[in-house]
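Participant: Can you read through this structure? Questions will come right after.
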Amino acid sequence: MKQLLFIATMVLTGSTIALQAQPHRNGSVARMHDMNHDMRDIRHDRNDIRHDRKDIHHDQADINKDRKDANADRADINKDRKDINADNRDINKDKAQLNQEIKERNADAAKHDYKDAQKEQNEINGVRKDLQQDRTDRNKDAAGLRNDRKDLSKDVTDINKDKKDINKDKRDLKRDKKDLRKDKKDLSNDANNF
């Protein structure tokens, strides 16, 4: 009885060990496994390539948008410069007119023509208001110019960043294509050795 129990235990243990052990992988099973692995790698590589192409497309769209923004900012800068130049011309005209009015007022006052002197003083006050308004306009245009220059600088920075991104995505695409070629070659080798 003990011998029978011992033999049964040995048989069960041996069959359990045999079941747990990997069956010996002959060459065709291993190659089939390698081929499946290669096909999975090819699918991953194709997905990576598709994503890289999308990234490149988005980066190019970003660059185009940033360039359009930069061109608009340059146009705004040119317009602001023209406005500032026009404001400066107006200021110079107002200053010349103001000097002329002051001379005329002083001449009238010297002649004791106070009625004309008062009229000249009123004109001086009006010219001073115009001058102040022209200076305000110029300062506003100068602030606009500074803001447009900041915007342009930001757009140029964005363009440079997008160019770096697109270059990285192109390198990724190149690497993924290389991986795809390698995996296709591995699959072909495994299929030929099957």
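Participant: What are the trypsin sites (Lys or Arg not before Pro) within the range 88-138 that DSSP puts in a loop, where the Cβ has at most 10 other Cβ atoms within 10 Å?
Facilitator: Listed in order of number, the matching sites are 111.
Participant: From the cross-link list 65/129; 95/154; 164/184; 68/95; 65/182; 82/111, which pairs have alpha carbons spaced over 32 Å apart?
Facilitator: 65/129; 95/154; 68/95; 65/182; 82/111
Participant: Would you mind telling me which residue in 58, 37, 112 has the biggest mean-square fluctuation in a Gaussian network model of the chain, where springs connect alpha carbons within a distance under 10 angstrom?
Facilitator: Evaluated over the chain, the most mobile residue of the options is 112.
Participant: Using a Debye calculation, one point per C-alpha and no hydration shell, please list log10 I(q)/I(0) for the chain at q = 0.16 Å⁻¹ in order.
Facilitator: Cα-only, vacuum Debye calculation for the chain: -1.04.
Participant: Could you work out the helix-only [θ] at 222 nm for the chain, with each DSSP H run of four or more residues adding -39,500 (n - 2.57) and the total divided by the number of residues, to the nearest 500 deg cm²/dmol?
Facilitator: It lands at -35500 deg cm²/dmol.
Participant: As a test question: what accessible area, to the nearest 10 Å², does residue 57 have when a 1.4 Å probe is rolled over all protein chains in place?
Facilitator: Counting only protein heavy atoms, residue 57 exposes about 130 Å² to solvent.
Participant: Out of the total accessible area of the range 29-165 (probe 1.4 Å, heavy atoms of protein only), what percent is carbon and sulfur? Provide the component values of the computation, followed by the final result.
Facilitator: Numbers: 4540 of 9460 Å².
That fraction is 48 percent.
Participant: I'd like to know which of 117, 97, 145 lies farthest towards the positive end of the charge dipole of the range 40-194, counting +1 on Cβ of Lys and Arg and -1 on Cβ of Asp and Glu.
Facilitator: Of the listed residues, the answer is 145.
The values are calculated or read from the model by the stated rules, or taken from the named source; none is laboratory data. Fair warning: this is a prediction, and the values are worked out from it, not measured in the lab. Note that each Cβ is placed from the backbone with ideal geometry, even for glycine, and that neighbours are counted across all protein chains shown. SASA here: full protein model, heavy atoms, side chains in, ligands and nucleic acids out. Shrake-Rupley method; radii C 1.70, N 1.55, O 1.52, S 1.80 Å.
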